[in-house]
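The values are calculated or read from the model by the stated rules, or taken from the named source; none is laboratory data. In this text the structure is predicted, and so the values were computed from the model without any measurement. Glycine gets a Cβ as well: all are built from the backbone with ideal geometry, and neighbour counts include every protein chain shown. To get the accessible areas, we keep the full protein, side chains included, count just its heavy atoms, and leave off ligands, DNA and RNA. Shrake-Rupley method; radii C 1.70, N 1.55, O 1.52, S 1.80 Å.
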2 protein chains.
Amino acid sequence: MVTLAQVAQHAGVSPSTVSYVISGKRSISQDTRLRVERSIAELGYHPHAGARALASNRSHVIALVVPLRTDMFVPVVMEIAIAVTTTARRYAHDVLLLTSEEGPSAIKRITNSGLADAMILMDVELEDERIPLLRQTGTAAALIGLPADPAGLTCVDLDFEATGRLAADHLADLGHREVALIGPAESVYRRHTGFAERTLTGFRQQAGVRGLRFLHRPCGDGHEAASGTLSRIFEERPGITGLVVQNESALPHLLGQLRQSGRAVPEDVSVVAICPDDVALHSAPRLTSVSVPAKEMGRRAVELVMALAAGRPAEELTLLTPALTIRESSGPGPR
Amino acid sequence: MVTLAQVAQHAGVSPSTVSYVISGKRSISQDTRLRVERSIAELGYHPHAGARALASNRSHVIALVVPLRTDMFVPVVMEIAIAVTTTARRYAHDVLLLTSEEGPSAIKRITNSGLADAMILMDVELEDERIPLLRQTGTAAALIGLPADPAGLTCVDLDFEATGRLAADHLADLGHREVALIGPAESVYRRHTGFAERTLTGFRQQAGVRGLRFLHRPCGDGHEAASGTLSRIFEERPGITGLVVQNESALPHLLGQLRQSGRAVPEDVSVVAICPDDVALHSAPRLTSVSVPAKEMGRRAVELVMALAAGRPAEELTLLTPALTIRESSGPGPR
DNA sequence: GTGAAAGCGCTAACAT
DNA sequence: ATGTTAGCGCTTTCAC
């Protein structure tokens, strides 16, 4: 193992100089900086993470807590995790992967052991038991998702209320009068994860403003659930011509079922999805959608948490503005 | 921050005693052990990870490298990652998440910085540029997937050749004579990730043995690709009555397309999927499938790598035996 | 069965 | 602009 002392010797300088060259915490003459950098490269030196953490009280690690039993669409979770990791690297940080399984005790363990300087939590619940802990320990943390009381916390999420409104507006603009919102499984609503309710709120509100008659139905995973939900919707309201779908895994089944039941998209029914762009693009027809900006959420969470860890202030609430992309699945309403 | 010294004082023993109580590396009297443990709990002590790593040369961290541009089905990657994390915890280890983006340099960085004691690599390519590095540094590592030359490496994977054979056998047993294998996108074959080729090899071999006439077609993501592939298959070989599908994301589209084209499953065509069980269960009809044992792979990788890190020997090649579960999508062949 | 003490490799005062 | 040095909190001989 190459140590800093060895680099120092090789470059003919003192250990502290090497340390300062690396951290940039004090000015170094061109000359020595170059010599030191050459030595580092030549010896293939990498600072010992533990030693560094011990001496500086900063581990250069961000802990990321991913959901175990996930309400989110798994690819979205993965995309956020990857965005967090690549963004963290730009801040010279690494990412420690934790699952929600360990619960609040993981938070204690990580903060007390100095393993991570900051944490990012996904799948926050409205009344999340880890939040009090975060508050009291003053851990540098960012939440992806919104708890019931976000005061004093740093949160990042898509603005789902605006998303609901945007979808309602788009359908209303196209002249639809009767629409339905197909959400995630009922269990998600019961668990109060937040995002489903918020979309519903925004959608309901704007439906009211625009005079849309609407129905809201949760929908489980799998083909059966999707086709069941769909047929019940049309039984109840045969006049429905617009569908907003916030359920990525049901999407292919829903579209298949529409096709099969002879309802053409968008001629007979318009579909607006709330999903990642690639899902929208891989469907047939390509879906008009409000995209779930997974990358952006991961990136922002890291930026915020890095600010906090550095003692800088950070925005409490970052609500990303939804963007609707019109593709082939939405068209003019009846008459 | 609570330190070991504080615990020692609180318990009225020396620091080393506390250390030994924790590590169990020497025998301690019931009495003092209890006192120390009570102090630890009472003070909420957690050892400082960096200090521990510095003093002991072991970080208690496993690095997990996940694919960025993923050939694997994303939920499978995620499931493996989660299995790795939860299994690691059972060995009192944490998991550092790396992406393949950083390439071989990540391996150097991690091993040299002492950040991790061991690594697990996913999505290994046949000629993976990280493998020479692993070999020469002697890093404790496990690969999920199989490189071209696995000699001297520790690898875990599903036995895809056996999987191909198993699928062929099942269809042959049912009396099918003309079958097709629908694989992942062509790009996956070009990238030589291995698993697709291996399934094909096994399938081809057993098709030969059982006298099955067969066709092999890659299939891209999305609805268009799926329905295109399917119709070309049936144009070319109208007599096909059995389909083996190794492409999770095409599955719903494929099934939708079959339904729509009036081919009943399993009456007109039998479908055998190679996919995680939950995908098989959420399809309609529920799919006869060879399951991709994601959890098992993650678990085994950790076990192997922990053995290596402890200086114990580990199996070089762990090929998990595939298991076929008969569900509703496969039935008797023609006549 | 327990204690004392020498580091592990690095950072950050404190010097100059 | 650079060097000296005292720890950071833990593990692990060595000693009893």
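Listing for the model above:
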read-out	value
Subset of the range B:197-227 that is among the hydrophobic types (A, V, I, L, M, F, W, C) and part of a loop (DSSP other than H, G, I, E, B) - its residue that is nearest to the other protein chains (Cβ to nearest Cβ)	B:Cys219
Tally of residues being open to solvent by less than 60 Å² (accessible area, probe 1.4 Å) and assigned to a loop (DSSP other than H, G, I, E, B) across the range A:321-335	7
Among residues of the range A:1-27, those that are within 14 Å of chain B (Cβ to nearest Cβ), polar (S, T, N, Q) and within 6 Å of DNA strand C (Cβ to nearest atom), counted	1
Evaluation of A:Leu174 against (1) at pLDDT below 95; (2) closer than 28 Å to A:Thr288 by Cβ (one fails), failing number	(1)
Residue among B:Thr85, B:Thr3 that is open to solvent by less than 10 Å² (accessible area, probe 1.4 Å), closer than 16 Å to A:Ile110 by Cα and out of contact with any Asp or Glu (no Cβ under 6 Å at 6 or more places or on another chain)	B:Thr85
Any helices (runs of 4 or more DSSP H) falling wholly within the range B:1-73 and containing at least 2 residues that are modelled with pLDDT of 95 or more and more than 28 Å from B:Ala118 (Cα to Cα)	B:4-11, B:15-23, B:30-43
Pick from the range B:88-97, criterion open to solvent by 20 Å² or more (accessible area, probe 1.4 Å) and within 13 Å of chain A (Cβ to nearest Cβ), ranking: farthest from B:Gly194 (Cα to Cα)	B:Ala92
Selection count where residues are within 23 Å of A:Phe73 (Cα to Cα), buried (at least 21 other Cβ atoms within 10 Å of the Cβ) and in contact with a Leu (Cβ under 7 Å, 6 or more places away or on another chain), scope the range A:201-216	1
Leading residue by the ranking (surrounded by the most Cβ atoms within 10 Å (Cβ to Cβ)) among those in the range B:284-306 that are in contact (Cβ under 8 Å) with a residue 60 or more places away in the chain and among the basic types (Lys, Arg)	B:Arg300
Residues (away from chain A (no Cβ under 13 Å), of a type in the set (Val, Ile, Thr) and not in a strand (DSSP E or B)) located in the range B:272-320	B:Val292, B:Val305
Pair list, Cβ under 8 Å, 6 or more apart: the range A:1-16 residue among the hydroxyl-bearing types (Ser, Thr, Tyr), other residue near DNA strand C (Cβ under 8 Å from one of its atoms)	A:Thr3/A:Tyr45; A:Thr3/A:His48
Which listed residue, of B:Leu254, B:Leu281, is at pLDDT 95 or above and either in the same structural domain as B:Ile80 (by TED's automatic domain parsing) or buried (at least 21 other Cβ atoms within 10 Å of the Cβ) (or both)	B:Leu254
Extreme residue, least open to solvent (accessible area, probe 1.4 Å), among residues of the range B:98-113 that are over 23 Å from the mean Cα position of the chain (by Cα) and charged (D, E, K, R)	B:Arg109
Subset tally (residues that are on the phi < 0 side of the Ramachandran plot, open to solvent by 20 Å² or more (accessible area, probe 1.4 Å) and within 16 Å of DNA strand D (Cβ to nearest atom)) for the range B:50-82	6
Every residue from the range A:106-149 that is on the phi < 0 side of the Ramachandran plot, of a type in the set (Gly, Ala, Ser) and touching a Leu at 6+ places or on another chain (Cβ under 9 Å)	A:Ala106, A:Ala116, A:Ala118, A:Ala140, A:Ala141, A:Ala142, A:Ala148
Options B:Phe160, B:Phe203: the member that is under 24 Å from the mean Cα position of the chain (by Cα) and within 30 Å of B:Ala141 (Cβ to Cβ)	B:Phe160
Any hit, the range B:168-182, residues being in contact (Cβ under 8 Å) with a residue 24 or more places away in the chain and within 14 Å of chain A (Cβ to nearest Cβ)	no
Some residue of the range A:33-43 being near DNA strand C (Cβ under 8 Å from one of its atoms), within 14 Å of chain B (Cβ to nearest Cβ) and either over 33 Å from the mean Cα position of the chain (by Cα) or closer than 21 Å to B:Ala55 by Cα (or both)	no
